[in-house]
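Everything below concerns the one structure shown next.
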Amino acid sequence: MITACGPLPRPFIAQEPNSNPLLQLENTRPLAVEPPIFKVDETATETNDLTLWAQDNLSIALRDQDLPAANYAFASNSLHLYSSFETERIAGDQVLLSLKIKVTETATPDLLLVELEEITKVPAVHLTKDAKPVLAELIKRAAQNVSFKISQLDQENDPQPQATDHISIQLASLPDNLDDRTRKVLESELRASFQIRKLYLTHQSNEASTYKLNLKINLSKQNDQGILSLLWILEDSANGDEIGQISQTNPIPNLPLSRILIPASEAIAEGTSMGIKDLLQQKSLQNQTVLK
């Protein structure tokens, strides 16, 4: 308890608020979050209610990523974020739910600075009963990628992250037997899972790419079902030496490969990113042992 016979000092309030450096943040720009567009037929919630809820949650998720985001424009130099939620029916009662995001300048709304899409597979009943938990998870994942991409806008020469806590990994071309949509979904899930673990996925081959990741797919038959094997090979970009392998094998029904990989892409990406972190940790421990 504090008692005083007069006014207490107020050390945290500047005598001249305009000189407060917090009001003049550097290396960041205000981000105005526009109301999202909903093309989700499966939900029973009123679209207007979902729109306002999603707009608020997008702003909160972006602020959690240290972006000055709000549901209005701060200033003339604000960035604007536009988003849309869409669904696509697939086998059975499963639905592909996607969140598309675009970020533009206030002065040049036709010039895209950031464009990304997050996709996940959910049972339709989850959207019918209460769509908010599923949407909230998708929003959280998207906010992480938006934060990373916006942080790259101020780097004029090299879009690669230069922070020492990020590891750059070049993704080699995915196998030819994957269609374009499957490649897109799988890469999107990989990028999100990598970002969470401070791994940066790129297609560019340059000095910043420390490692290279290759994928080999094998589909075989066993009795009345197929066996799908994914083999991820991590190599040292400098000399091509193999760091290690991550093997994922699972029995699958007799369906086209795209109908297997797209729904499973999130789990595949999680396993791959966790495996890569383990391989890099083992490599680091080996290097320390050699130095000792």
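A Förster radius of 30 Å, combined with the Cβ-Cβ distance separating residue 176 from residue 84, puts the computed FRET efficiency at roughly 0.45.
In this calculation the C-beta distance from residue 128 to residue 225 is compared with R0 = 35 Å, giving a FRET efficiency of 0.65. For residue 282 and residue 270, the difference between the fully extended length at 0.36 nm per residue and the C-alpha to C-alpha distance is 2.5 nm. Taking 0.36 nm per residue of separation and subtracting the Cα-Cα distance, full extension of the segment from residue 247 to residue 64 would add 62.4 nm.
Peptide packing: for 123-130, 98-105, the average count of neighbouring Cβ atoms within 10 Å per residue gives the ranking 98-105, 123-130, highest mean first. For the peptides 219-225, 57-63, residues were scored by their other Cβ atoms within 10 Å and the scores averaged per peptide; the highest-first order is 57-63, 219-225. Residue ranges 181-194, 239-252 sort as 181-194, 239-252 when ordered by packing (mean number of other C-beta atoms within 10 Å per residue, highest first).
With all protein chains kept in place, the per residue accessible area of region 167-286 amounts to 52 square angstrom at a probe of 1.4 angstrom.
What percentage of the solvent-accessible surface of region 31-155, computed with a 1.4 Å probe over protein heavy atoms, is contributed by carbon and sulfur atoms? Using a 1.4 Å probe with all protein chains present, region 31-155 comes out at 50 percent carbon and sulfur. Using the Cβ-Cβ distance between residue 259 and residue 137 with R0 set to 22 Å, the FRET efficiency from 1/(1 + (r/R0)^6) comes to roughly 0.45.
In the context of the full set of protein chains, region 31-155 has a per residue accessible area of 48 Å² (1.4 Å probe). Rounded to the nearest whole angstrom, the semi-axes of the ellipsoid equivalent to region 31-155, taken from the Cα gyration tensor as √(5λ), stand at 27, 14, 12, largest first. Taking 0.36 nm per residue of sequence separation and removing the Cα-Cα distance, the residue 34/residue 105 pair yields an extension gain of 24.3 nm. In region 217-292, the portion of solvent-accessible area held by carbon and sulfur atoms comes to 48 percent [1.4 Å probe, whole percent, DNA, RNA and ligands not counted].
The values are calculated or read from the model by the stated rules, or taken from the named source; none is laboratory data. If you're wondering where the values come from, they're calculated on a predicted model, not measured in any experiment. Please note: Cβ atoms are built from the backbone with ideal geometry, for glycine as well, and neighbour counts cover all protein chains shown. Note: areas computed on protein heavy atoms with side chains; ligands, DNA, RNA excluded. Shrake-Rupley method; radii C 1.70, N 1.55, O 1.52, S 1.80 Å.
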